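Visitor: Shown below is the structure under consideration.
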Amino acid sequence: MQPRRAIIISKLFHFCRQALSAKEHIDAHSATVGTLDEPVIIPRSEHGISRSQFSPNALKVLYRLKDGGFEAYLVGGCVRDLLLGLQPKDFDVVTNATPEQVKKLFRNCRLIGRRFRLAHIVFGREIIEVATMRGHHEAQDSKNNVSQSSEHGQLLRDNVYGTIDEDAERRDFTINALYYSIKDFCIYDYANGVAAIKGRRIELIGDPETRYREDPVRMLRAIRFATKLDMSISSATAKPITELADLLAHIPPARLFEECLKLFLGGKAEANFHALRQYGLFKYLFPALDKLLDANPGGQEERFIAQMFANTDVRINGDKKVTPAFIFAALLWFPLLERCQLLMQRDQLPHFEALAAAMNQILSENAQHVAVPKRFTLGARDIWHIQHRFDKRGGQRAYCLSQQPRFKAAYDFMLLLVDSGQEDLKELADWWSAYLNADVNGQKMMVKALGGNNRPRRRRRSGGSRNRNKPKGESQ
Ligand code: ATP
Ligand code: MG
């Protein structure tokens, strides 16, 4: 639907001065959000965004929709990020075509999602997500237009289609309700998002409590956008978070895993960690660790996790690879040690068995909150196992260990433990650092110098050994 009355503001970055200061603008706006159906329209000459900044595939999608007789806009994060001078992570398109109509226009289209039915247009590794404009979820008129809420007010399905101004009201934050039209190249700002960008404020559209109840993940998103964009969460948007944090318990663990990746792999993991703790949200992601952090404020657990996230940020911002296995291994390390101790003391299990049982228990308990896929939990297990093998260095053991695929990650993990204050590991970590820097002869000398204590125990085997032909020590 075209806006009833368009307000064209001549200078994008002067418009607050012409009307209200950014703060007054935001305050005035927060009194009227939810009824805003007259967008601020920023013409092409004023917003500084050009089509050359878009992904060529996103442009193809926009033009195909337009030529098919539909409305088509870039929306959300990509418009916001381009206005902020940032490189968008992805390009999302919104249209008045239904998912089925979109599918007819693109051979490379697949329809996904139950909760939100969406079209994915696939161009090799790039996917352009095309959403149909959402309407008010109270309006359920046909069997295709479905919305459904849980007893907590959470939207379980939101497939009621609507107009662009209704779609804007359904979006989460004011800075995310900006639409770039392929028809006239203007930006349509439905919720005073440009003023919020200028005021560097994260503010929900509509009543914050209702919006968090509809989708509690918005609490995590508020934090993520605040740290990513270096903005602050407005007081009305921040206030209900602590009280409503427990709504996260109703979110499927697979979705929380996806959110964790966004929180921890976006280059702002350390800031997100502190903010999640501050708002009482961390507890619903990693309850066992949260308890340990509460019990020992400023202690080794906290230093270890903060340092791990700080290192992760440095790697991400330096375009280096980060494996989620390392992050989850670290997040569950102290709960694992605690459980292992318990099983040894209470159930009198030997260390090796207690460790194996503790790994299974901690991983399956964690999966009730954050469903970490097996490919990462396997990696975390390897990193944990290797921690318990670092001191067994005699014969060929040091060499064999250093050849394990996860050795480097496990070694970094040990250094992190030392850095966060685990003094008793320092000597061992220094030995390994020197070993890794030494040449083959140097390494042999180092192992020899360890003396009798580190000599591998000979195993008595009955019958033939599978390792009969291997060099001494390699069978361990
Ligand atoms: P980024 O991609 O940089 O993480 P984004 O704002 O593009 O940020 P997406 O998750 O890609 O975030 O979502 C695209 C847009 O969809 C958002 O900008 C917002 O308008 C809307 N959106 C996403 N998730 C929600 C939600 N939970 N509630 C309401 N609107 C949402
Ligand atoms: Mg996006």
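The values are calculated or read from the model by the stated rules, or taken from the named source; none is laboratory data. Quick caveat, the model's predicted, so the values are computed rather than measured. Cβ atoms come from the backbone with ideal geometry, glycine included; neighbour counts cover every protein chain shown.
Visitor: Sort through 441, 437, 469 and tell me the only one that's modelled with pLDDT under 65 and out of contact with any Phe, Trp or Tyr (no Cβ under 8 Å at 6 or more places or on another chain).
Guide: Values: 441 fails: modelled with pLDDT under 65; 437 fails: modelled with pLDDT under 65.
Result of the check over 441, 437, 469: 469.
Visitor: Another question about this same structure. Are there any helices (runs of 4 or more DSSP H) wholly within the stretch 49-164 with 2 or more residues that are within 14 Å of ligand 2 (Cβ to nearest atom) and at pLDDT 90 or above, and if so which? First the steps, then the outcome.
Guide: Details: elements: 56-67, 77-83, 99-105.
It comes to 77-83.
Visitor: Yes or no: residue 215 surrounded by fewer than 16 Cβ atoms within 10 Å (Cβ to Cβ), outside the structural domain of residue 325 (by TED's automatic domain parsing) and within 26 Å of residue 368 (Cα to Cα)? Spell out how you get there, then give the answer.
Guide: On the way: surrounded by fewer than 16 Cβ atoms within 10 Å (Cβ to Cβ): no; outside the structural domain of residue 325 (by TED's automatic domain parsing): yes; within 26 Å of residue 368 (Cα to Cα): yes.
In short, no.
Visitor: Given the conditions (1) aliphatic (A, V, I, L, M); (2) more than 16 Å from ligand 2 (Cβ to nearest atom); (3) assigned to a helix (DSSP H, G or I), and given that residue 322 satisfies all but one, which numbered condition is not satisfied?
Guide: (3)
Visitor: Does the stretch 357-376 contain at least one residue that is surrounded by fewer than 13 Cβ atoms within 10 Å (Cβ to Cβ), in a helix (DSSP H, G or I) and either at pLDDT below 95 or in contact with a strand residue (DSSP E or B) (Cβ under 8 Å, 6 or more places away or on another chain) (or both)?
Guide: Scanning the stretch 357-376 turns up no residue that is surrounded by fewer than 13 Cβ atoms within 10 Å (Cβ to Cβ), in a helix (DSSP H, G or I) and either at pLDDT below 95 or in contact with a strand residue (DSSP E or B) (Cβ under 8 Å, 6 or more places away or on another chain) (or both).
Visitor: Could you check, for the stretch 199-216, whether at least one of its residues is farther than 27 Å from residue 311 by Cβ and among the aliphatic types (A, V, I, L, M)?
Guide: First pass over the stretch 199-216, keeping only residues farther than 27 Å from residue 311 by Cβ: 199-201, 203-216.
With among the aliphatic types (A, V, I, L, M) added as a condition, the list becomes 204-205.
Yes, the conditions are met somewhere in the stretch 199-216.
Visitor: Restrict the check to the stretch 95-115 and report whether at least one residue is within 11 Å of ligand 1 (Cβ to nearest atom), under 24 Å from residue 187 (Cβ atoms) and not small (Gly, Ala, Ser). Walk me through it before giving the result.
Guide: First pass over the stretch 95-115, keeping only residues within 11 Å of ligand 1 (Cβ to nearest atom): 115.
Next cut, under 24 Å from residue 187 (Cβ atoms) only: none.
So far as the stretch 95-115 goes, no, none of its residues is within 11 Å of ligand 1 (Cβ to nearest atom), under 24 Å from residue 187 (Cβ atoms) and not small (Gly, Ala, Ser).
Visitor: Could you say which residue among 228, 262, 268 is in contact with a Ser or Thr (Cβ under 9 Å, 6 or more places away or on another chain), within 24 Å of residue 321 (Cα to Cα) and within 16 Å of ligand 2 (Cβ to nearest atom)?
Guide: On the way: 228 fails: in contact with a Ser or Thr (Cβ under 9 Å, 6 or more places away or on another chain); 262 fails: in contact with a Ser or Thr (Cβ under 9 Å, 6 or more places away or on another chain).
Just one listed residue meets the conditions, 268.
Visitor: Being in contact (Cβ under 8 Å) with a residue 12 or more places away in the chain, within 25 Å of residue 251 (Cα to Cα), of a type in the set (Val, Ile, Thr) and in the same structural domain as residue 226 (by TED's automatic domain parsing) narrows it down to one of 210, 163, so name that one. Working first, answer last.
Guide: Values: 163 fails: within 25 Å of residue 251 (Cα to Cα).
Of the residues listed, the single one that is in contact (Cβ under 8 Å) with a residue 12 or more places away in the chain, within 25 Å of residue 251 (Cα to Cα), of a type in the set (Val, Ile, Thr) and in the same structural domain as residue 226 (by TED's automatic domain parsing) is 210.
Visitor: When the residues of the stretch 37-87 are narrowed to those that are on the phi > 0 side of the Ramachandran plot and away from ligand 1 (no atom under 15 Å from the Cβ), which ends up surrounded by the most Cβ atoms within 10 Å (Cβ to Cβ)? If you could, list the steps in order and put the result at the bottom.
Guide: Here is the first cut: in the stretch 37-87, the residues on the phi > 0 side of the Ramachandran plot are 48, 69, 76, 85.
Subsequent filtering for residues that are away from ligand 1 (no atom under 15 Å from the Cβ) retains 48, 69.
Working: 48: 14, 69: 9.
So the residue we want is 48.
Visitor: Just checking, does the stretch 305-324 include any residue being buried (at least 18 other Cβ atoms within 10 Å of the Cβ), among the polar types (S, T, N, Q), farther than 24 Å from residue 407 by Cβ and under 15 Å from the mean Cα position of the chain (by Cα)?
Guide: no
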